[in-house]
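A short write-up of the structure that comes next.
The values are calculated or read from the model by the stated rules, or taken from the named source; none is laboratory data. This structure is a prediction, so every number in the text was calculated from the model and none was measured. FYI the Cβ positions are ideal-geometry reconstructions off the backbone, even for glycines, and counts take in every protein chain you see.
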Amino acid sequence: MDPRCVDYLVTEAERLAFERDGFFVLEDVLPDDLVEELIPAVDAADAEYRRAENIEPDKRTNLLDFIGKDDIFLELLDWYKTIPKVWGLMNWNINLYHSHMIVTPPAGPGKSLEQDGLGLGWHQDSGRLNMDFETDPRPMVSLKVAFFLSDASEPGRGNFTAVPGSQRSNTFPGEDRKQMPESAVQASVPKGGAVIFDRRVWHSSSNNYWDEPRRTLFYGYSYRWLRPRDDMTVGHYMDRSDPVRQQLLGASPSGGHGYTSPKPEDVPLRGWIEEHLGEEAVVR
C-alpha cells in the first residue's frame with residue numbers, strides 16, 4: 001500500500017463533520033492526468049451498459065460492479081488520499097462490498113433547473129438493512145467514497161445532494177422524497193474531488209444542467225462480515241494485488257470464520273497501520 005497514506009489520515013475536523021453532517025467533501029483528491037485516464041474507461045463501460053440495457057443516451061445510468069471492468073478502477077480502491085479516511089472512520093476490519101458508477105448526461109436544450117427541478121429521489125443506502133435493523137438510528141455498517149470526474153462545483157450539475165445530520169434518524173426529514181427539504185444542500189465538489197458519506201445520510205442524485213456528463217465512481221466500504229451488495233467480479237485482480245488490496249477485495253485466507261473472527265493474515269491492513277503508525281493507531 002502507498003506509504004503516502006500516513007500523510008492523509010482523517011483529521012479531527014473531518015471526523016466532526018462526518019459525525020455532524022454525515023458527509024464531507026475532499027478537494028484535489030485525484031490528479032488531472034489520472035482523471036483523464038479514468039474518463040474514457042467510464043465512457044466505455046457506460047456505452048456497453050447502455051447498449052446491453054437499451055438505455056437512451058440522455059438518461060442517467062447506475063452501473064453496479066464496475067470495479068472489475070477496467071484495471072484503472074482498481075487504483076482508486078486504496079487511493080492514498082481516501083483509504084486512510086475510510087479506516088479512520090470505521091476500522092481495519094473493512095473491505096469493498098459494493099461499487100457503482102453513475103453517469104448523468106446533460107439534461108439537454110430547453111431544460112433548466114427553474115423549469116424541471118432537481119430530479120430527486122431521496123434514500124438511505126443498502127436496502128434491507130434499513131428494514132432489518134430495529135434501532136433508531138440504525139448502525140452505520142458502511143460508507144462510500146464518491147470520486148467526481150467532472151466539475152460539480154456549482155448547483156445544477158448533477159450534484160451529490162444530502163440533508164446534513166439526517167443520518168441520525170431513520171425518518172426522512174421532509175414530506176416528499178422528490179422535493180428538496182429546507183435543510184438539504186447540493187454539495188460543491190470540483191473535478192477530481194470526492195465526497196465521503198455515511199450510508200444512512202438521506203441523499204439523492206440530481207439532474208445535470210451543465211454541458212458535460214456528470215461521471216462519478218462510488219466505492220462502498222463495509223465491515224468484512226457484511227455480504228457484498230453486488231457481484232464483486234474481482235477475482236482476476238487477486239494474484240497481482242498486495243495483501244492489503246486483497247483484503248479490500250474480500251479475501252479471507254483463514255476461511256469464512258475469518259470475516260467475523262479475523263486472524264492476522266485475514267486483516268493485513270491492521271498490521272500495516274501498526275507498522276507505519278504505531279500500535280496506538282489501531283482502533284479496536
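Of the candidates Val35, Val10, the single residue that is among the aliphatic types (A, V, I, L, M) and in a loop (DSSP other than H, G, I, E, B) is Val10.
Does any residue of region 107-118 turn out to be touching a strand residue (DSSP E or B) at 6+ places or on another chain (Cβ under 8 Å), outside any strand (DSSP E or B) and at pLDDT below 95? Give the steps one after another, and end with the answer.
If we filter region 107-118 for residues that are touching a strand residue (DSSP E or B) at 6+ places or on another chain (Cβ under 8 Å), which is where we start, we get 107, 118.
Pick out the ones that are also outside any strand (DSSP E or B) and you get 107, 118.
Checking the rest, the ones that are also at pLDDT below 95 come to 107, 118.
There is at least one residue in region 107-118 that is touching a strand residue (DSSP E or B) at 6+ places or on another chain (Cβ under 8 Å), outside any strand (DSSP E or B) and at pLDDT below 95.
Residues are listed down the side, and each one gets a yes or a no for (1) touching a His at 6+ places or on another chain (Cβ under 8 Å); (2) touching a residue at least 60 places away in the same chain (Cβ under 8 Å); (3) of a type in the set (Lys, Arg):
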{"position": "Gly156", "(1), (2), (3)": "no, no, no"}
{"position": "Thr161", "(1), (2), (3)": "yes, no, no"}
{"position": "Gly165", "(1), (2), (3)": "no, yes, no"}
{"position": "Thr171", "(1), (2), (3)": "no, no, no"}
{"position": "Gly193", "(1), (2), (3)": "no, yes, no"}
{"position": "Ser206", "(1), (2), (3)": "no, yes, no"}
{"position": "Trp210", "(1), (2), (3)": "no, yes, no"}
{"position": "Ser222", "(1), (2), (3)": "yes, yes, no"}
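Only one of the numbered conditions (1) within 21 Å of the chain's Cα centre (by Cα); (2) without any contact (Cβ under 8 Å) to a residue 12 or more places away in the chain is not met by Gly255, and that is (1).
Answer yes or no: is there a residue in region 136-148 that is of a type in the set (Lys, Arg), in contact (Cβ under 8 Å) with a residue 60 or more places away in the chain, assigned to a helix (DSSP H, G or I) and crowded, with 22+ Cβ neighbours inside 10 Å.
To start, the set of residues in region 136-148 that are of a type in the set (Lys, Arg) comprises 138, 144.
From the residues that got through so far, the ones that are in contact (Cβ under 8 Å) with a residue 60 or more places away in the chain too are 138, 144.
In the following step, the residues that additionally are assigned to a helix (DSSP H, G or I) were identified as none.
No: zero hits.
Okay, residues lined up against (1) surrounded by 15 or more Cβ atoms within 10 Å (Cβ to Cβ); (2) touching a residue at least 12 places away in the same chain (Cβ under 8 Å); (3) among the aromatic types (Phe, Trp, Tyr):
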{"position": "Tyr8", "(1), (2), (3)": "yes, yes, yes"}
{"position": "Ala13", "(1), (2), (3)": "no, no, no"}
{"position": "Glu19", "(1), (2), (3)": "no, no, no"}
{"position": "Gly22", "(1), (2), (3)": "yes, yes, no"}
{"position": "Glu56", "(1), (2), (3)": "no, no, no"}
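Put simply, of Ile67, Ile94, Ile83, Ile72 the only residue that is hydrophobic (A, V, I, L, M, F, W, C), touching a helix residue (DSSP H, G or I) at 6+ places or on another chain (Cβ under 8 Å), modelled with pLDDT of 95 or more and surrounded by fewer than 17 Cβ atoms within 10 Å (Cβ to Cβ) is Ile72. From the residues in region 224-247 that are touching a Pro at 6+ places or on another chain (Cβ under 9 Å) and free of Cβ contacts under 8 Å to residues at least 40 places away in the same chain, which one is surrounded by the fewest Cβ atoms within 10 Å (Cβ to Cβ)? Looking at residues that are touching a Pro at 6+ places or on another chain (Cβ under 9 Å) and free of Cβ contacts under 8 Å to residues at least 40 places away in the same chain, I get Pro243.
If you check Asp78, Asp58 for being assigned to a loop (DSSP other than H, G, I, E, B), of a type outside the set (Phe, Trp, Tyr) and more than 24 Å from Glu27 (Cα to Cα), only one passes: Asp58.
Residue check, Phe172 against (1) closer than 25 Å to Phe73 by Cα; (2) hydrophobic (A, V, I, L, M, F, W, C); (3) assigned to a loop (DSSP other than H, G, I, E, B), all met but one. Which one? Only one criterion is unmet by Phe172, namely (1). Of the residues contained in region 263-275, none is found to be aromatic (Phe, Trp, Tyr), under 25 Å from Asp46 (Cβ atoms) and either touching a residue at least 24 places away in the same chain (Cβ under 8 Å) or in contact with a helix residue (DSSP H, G or I) (Cβ under 6 Å, 6 or more places away or on another chain) (or both). Selection over region 242-262 of residues that are among the small types (Gly, Ala, Ser), out of contact with any Lys or Arg (no Cβ under 9 Å at 6 or more places or on another chain) and in a helix (DSSP H, G or I) gives a count of 1. If you check Ser204, Ser166, Ser183 for being under 19 Å from Arg20 (Cα atoms), surrounded by 20 or more Cβ atoms within 10 Å (Cβ to Cβ), over 16 Å from the mean Cα position of the chain (by Cα) and not β-branched (Val, Ile, Thr), only one passes: Ser166. Any chance region 220-229 includes a residue that's within 17 Å of His123 (Cβ to Cβ), part of a loop (DSSP other than H, G, I, E, B) and touching a Ser or Thr at 6+ places or on another chain (Cβ under 9 Å)? Checked region 220-229: at least one residue is within 17 Å of His123 (Cβ to Cβ), part of a loop (DSSP other than H, G, I, E, B) and touching a Ser or Thr at 6+ places or on another chain (Cβ under 9 Å).
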